[in-house]
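Before any comments, here is the structure.
The values are calculated or read from the model by the stated rules, or taken from the named source; none is laboratory data. Please read all numbers here as calculations on a predicted model, not as lab measurements. Methodologically, a virtual Cβ is constructed for each residue, glycine included, from the backbone with ideal geometry; neighbour enumeration extends over all protein chains shown. When the accessible area is computed, the model is the full protein with side chains, heavy atoms only, and any ligands, DNA or RNA have been set aside. Shrake-Rupley method; radii C 1.70, N 1.55, O 1.52, S 1.80 Å.
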Amino acid sequence: MHVHFRRLALGSALGVIGLATNASAQFTSNTAQIPSGNPFNNSYSESVNFDDIDEDGDFDAAFADGGDCCNDQNRLWRNNGGAQGGTVGFFTDVTSTQFPVVSDDSRDIEFVDIDNDGDADLYISNTSTNSNQSNRWWVNMGHAQGGTLGTFADQTSTRWVGIAGAGSSIANSMKLVAGGFIDWSCFCAFGDLDNDGDMDLFHSTYGGTFAGNVPSRVFLNDGAGFYTEFNPSGFQLTTQTIANGNPGLWCEGTMSQSTTNTTGQFCDIADTPLGAELGDLDGDFDLDILQGARNEQPRIFTNRLQQNGGALSFRDTTNANFAPGWSTGGGHYEQELGDMDDDGDLDIYGMNWLNLTDAYLKNNGFGVFSGPTATNSSGQDDNEPEWLDYDNDGDLDCFIAGFSGANRMYVNSGAPGYTLTFVSGVVPTNGENSLAAAACDVDNDGDQDLFTADDVGQPNLFLKNSTNTVDTHAPRIFKVEAAPSRSVGANPTVIRALIYDNESFYMTAQETHVLMYSVNGGAYTAAPMMWAGGNLFRGTIPGNIAGDICYHVESTDFYGNTSASFDRCYTAGGAGNVSVYCTAKINSKGCYPQIGFTGTPDSVASSGFDVMATNVLNNKSGLFFYSIVGPNGVAFQGGHLCIKLPTKRTQVQASGGSGSGSDCTGDYHFDFNAYVFSGADPALISGTTVYGQYWARDPAFTPPNNTNLTEGIKFTLQ
């Protein structure tokens, strides 16, 4: 995982261009600033991605070449700004000096810091259609390797561990002597699946003949960039294929193609995916899997890390996450996760999901998606969507890389409907066969440009954005994990957060995210929040500190726009008996109310334990209600009832903000120690465990769901 600090370079660039605006944002094909001709830009390119490989303040580009055509050399275009002393946004092909000399059938290329040394390594997904080959690991020779930043070495032979050995599901006949295994991979995704601070691998495969019988797999990182298969079943295949009735390898239950079961009895891990995405779909701070399918319906695998007490497992919950008819026909080449309606959860743009018509599906906040809404002018053979904010109005638009039809742009209408509509004239149509696209501000002028990866020997394109309106929208820190109180010890306290910006995951990953923590009201200390994949970020607070610890997350984008979350608190040492649990309900303003506390619960103290809720609608009345029976987590008024009946309640009033419920700056406070001291509830004595939650009025919702609910809080009176 890596985060690059680019604000100074961008600040310099923005000082030159100023804040000029253009009435209509559009893109032009810029051939003068990128390589051209053979062999630099005339291949069968299948994928393109950006990263600052040499950490000089500008973005470089890597292309996966070959695909089903032939073995070919992947290519690296270096941005000539920064350390090169040239003009930012002009690119030179440096493949011959900075890439390994390898010809393969590559379908995807992903930047990821596999060895946690702070620089961007590469993972290449290959297909064995023309010759048997494995996916490859190319390691950046900077930092831990002690070499030159931005120069890569092929370490495929050592980075795969235990292939076809004990615990591996891979048949011995599929193992390759040079490292890895024979496979047909089009796309793989990285994220911290097990919450241990390194980037794991979800390896999807479509199989040699698109028969849908070769399994996708999960590989775990040992922290140093060496990958071992996660196969809790212990089952090993005898050939490349998996059969119905075989164990689900990394997924609960047994293999059953196109299963509708969602209880963990069956799963389907063998389809024809040409793409896969990782993201926290249900807001529980772990990464779930959205796996595409060329011939079948795409599927969702829910990560059950939280439900299993930190032990990694996945369940096929497809038919619980999707409404009937979520995908029809074939040709589902790709899909992309992004928060298109700015409500803090991940929605889906499904490429060709409705029989060669694109559609988008909105998330209800708990990982359950609406039925598909077809996008207009999309009834053609498209290949990949890319989320970006091309007009810098703060919401996600969508660019379409068209294979047999034109490249297109869909503009987001914004609030309140957040619909996507095709707009003509925004991107040029040159008759190219585009297989992929990536958005990035390559010239540091404040707007997002596009590179395309084009097929059949056509040149890849640089589509320069001429918006010239600088992004002024700060990242949105939607949800921050509540740390339970704990004893003092060596293990750190892990804090995860869901963070979004008006761009793709891979750009937000490279912004600056910091975990700020304070001990006993002292000065704040900064610790990095590292990208954990998708919309998830992860930081740690040292475990060997004692006292009342409060923390929040701060995020700064490439242009200096900064946001900060509300403080959350826990106790290290002392009583250590307060924790936050359950899931809150998003309010009508799109905010996520958070429950927290200061002080220590005490059955004899006259005051001092403040149970608070922040990020709530201002000037709205509410209740703090509690139970001594136990916790809960059932659906209630559009949210979750986190406590068991019977309950008692006390009325509160939101304060601390401005307006009349028009914003989320309100907060609730309730001194529970004072309440106990008053004798209002004789059952509240020392040793009693209390489960509490805030309920608030939210008139913008439709009755009976015109309320809001925070998370739950659990504490024991001393």
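3J(HN,Hα) along region 430-438, derived from phi through the Karplus expression 6.51 cos²θ - 1.76 cosθ + 1.60 where θ = phi - 60°, amounts to 10, x, 6, 9, 8, 9, 7, 8, 9 Hz, with x in place of Gly and Pro. Here, P(r) means the percent of Cα pairs in each 10 Å bin from 0 to the largest distance; for region 617-657 it is 27, 43, 27, 2. When its C-alpha radius of gyration is set against 2.2 N^0.38 Å (N residues), region 359-518 gives a value of 1.26. Remark: region 581-708 carries 42 Å² of accessible area per residue (probe radius 1.4 Å; ligands, DNA and RNA excluded). Averaged over residues, the count of other Cβ atoms within 10 Å places the peptides 49-60, 312-323, 532-543, 631-642 in the sequence 49-60, 532-543, 312-323, 631-642, highest first.
Distances between placed amide hydrogens fall under 5 Å for GLU334 paired with MET351, all partners being 5 or more residues away or on another chain. The packing ranking, built from the mean of other Cβ atoms within 10 Å per residue, places the peptides 175-184, 131-140 in the order 131-140, 175-184, highest first.
Each residue of region 231-248 was assigned a 3J(HN,Hα) from its phi angle through the Karplus curve 6.51 cos²θ - 1.76 cosθ + 1.60 (θ = phi - 60°); the sequence is 9, x, 5, x, 7, 10, 6, 9, 9, 6, 9, 10, 10, 4, x, 6, x, x Hz, with glycine and proline shown as x.
Volume of the convex hull of the chain (Cα atoms only), normalised per residue: 155 Å³. The residues of region 194-233 present an accessible area of 27 Å² per residue when probed at 1.4 Å with all protein chains retained. Under 16 Å Cα-Cα from LYS714, which aspartates and glutamates qualify once same-chain neighbours fewer than 8 residues away are excluded? Correct list for LYS714: GLU481, ASP602, ASP610, ASP671.
For region 431-580, the solvent-accessible area works out to 28 Å² per residue, with a probe of 1.4 Å and every protein chain left in place. Cysteine residues of the chain whose Cβ has no partner cysteine Cβ closer than 4.7 Å: CYS186, CYS188, CYS398, CYS440.
The angle between the Cα long axis of helix 7-17 and the longest principal axis of the Cα atoms of the chain comes to about 70 degrees, rounded to the nearest 10. If you roll a 1.4 angstrom probe over the protein chains with everything in place, what fraction of the accessible area of the chain belongs to carbon and sulfur, to the nearest %? Accessible surface attributable to carbon and sulfur in the chain totals 52 percent.
Between ALA546 and LEU645, what's the calculated FRET efficiency when r is the beta-carbon distance and R0 is 30 Å? Round to 0.05. Working from the Cβ atoms, E equals 0.20. The relative contact order of the chain comes to 10 percent, based on Cα pairs under 8 Å that sit 6 or more residues apart. 3J(HN,Hα) along region 260-266: 9, 5, 10, 9, x, 6, 9 Hz, from the Karplus curve 6.51 cos²θ - 1.76 cosθ + 1.60 with θ = phi - 60°, whole Hz, x for Gly and Pro.
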